[in-house]
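Accompanying notes for the structure given below.
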Ligand SMILES: Nc1nc2c(ncn2[C@@H]2O[C@H](COP(=O)(O)OP(=O)(O)O)[C@@H](O)[C@H]2O)c(=O)[nH]1
Ligand SMILES: [Mg+2]
């Protein structure tokens with residue numbers, strides 16, 4: 001896929017204020033600092049589109065970016081921000097869960113995992129929740145340039161193995177580096193394929209007209 005345009009559309013804290021679900025969209029989510037903003041910018045080749053920030057947990061909004069005037073990248077707030085209060089974490093959960101569970105045009109959740117780490121409980125729990133809800137998702141392993149390919153492969157194998165404790169098979173995965181642009185063609189190809197068969201879902205117009 002050739003990227004011709006990528007534009008910020010809106011930031012929302014309410015599901016009812018989102019753009020109507022008439023275009024295919026892909027939600028990017030992961031722990032704070034996993035490399036989400038860097039990955040989004042790398043995919044669309046626009047440096048400042050999703051802000052890369054050194055302050056984890058800062059983005060508390062659902063951000064929509066329109067790509068090639070046909071599909072959305074959705075940047076979701078990072079989970080597992082250690083310093084957030086319990087009630088703030090609960091709010092986060094509710095808001096994101098409602099979005100993920102109810103968004104008619106959501107095609108796939110891109111779950112970002114730091115390829116340098118052993119399987120993390122919070123990532124596995126989130127994948128398990130997606131599985132329970134029957135939401136389609138893939139794993140995107142980030143920052144692969146930070147260690148040897150062998151180490152990356154070992155951590156991926158461990159993560160996939162941990163997933164088999166509660167899934168019959170591990171989902172599709174991508175290995176990425178925003179520094180080296182690794183995985184870009186693969187992810188854009190994956191998205192392009194889904195976009196080709198997208199049909200506007202039925203939705204409640206009232207819900208999006210507030
Ligand atoms: N070497 C390397 N560093 C990365 C990569 N992706 C992100 N980073 C760095 O990791 C930090 C967090 O990245 P950011 O995109 O802001 O993460 P976010 O909090 O998930 O949006 C920043 O210092 C980035 O420069 C990558 O692929 N390779
Ligand atoms: Mg970010």
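The values are calculated or read from the model by the stated rules, or taken from the named source; none is laboratory data. All values derive from a computational prediction rather than experimental measurement. Methodologically, a virtual Cβ is constructed for each residue, glycine included, from the backbone with ideal geometry; neighbour enumeration extends over all protein chains shown.
Data for the structure
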item	result
Scope the stretch 148-160; condition surrounded by fewer than 15 Cβ atoms within 10 Å (Cβ to Cβ) and touching a residue at least 40 places away in the same chain (Cβ under 8 Å); matching residues	158
Enumeration of residues in the stretch 172-189 that are touching a residue at least 40 places away in the same chain (Cβ under 8 Å), more than 10 Å from ligand 1 (Cβ to nearest atom) and touching a helix residue (DSSP H, G or I) at 6+ places or on another chain (Cβ under 9 Å)	175, 184, 187, 188
Test: residue in the stretch 46-64 that is closer than 19 Å to residue 123 by Cα, more than 9 Å from ligand 2 (Cβ to nearest atom) and at pLDDT below 90	yes
Residues of the stretch 1-54 satisfying the condition of being crowded, with 21+ Cβ neighbours inside 10 Å, more than 16 Å from ligand 1 (Cβ to nearest atom) and in a loop (DSSP other than H, G, I, E, B)	18, 24
Any hit, the stretch 73-81, residues being under 15 Å from the mean Cα position of the chain (by Cα), modelled with pLDDT of 95 or more and not in a loop (DSSP other than H, G, I, E, B)	yes
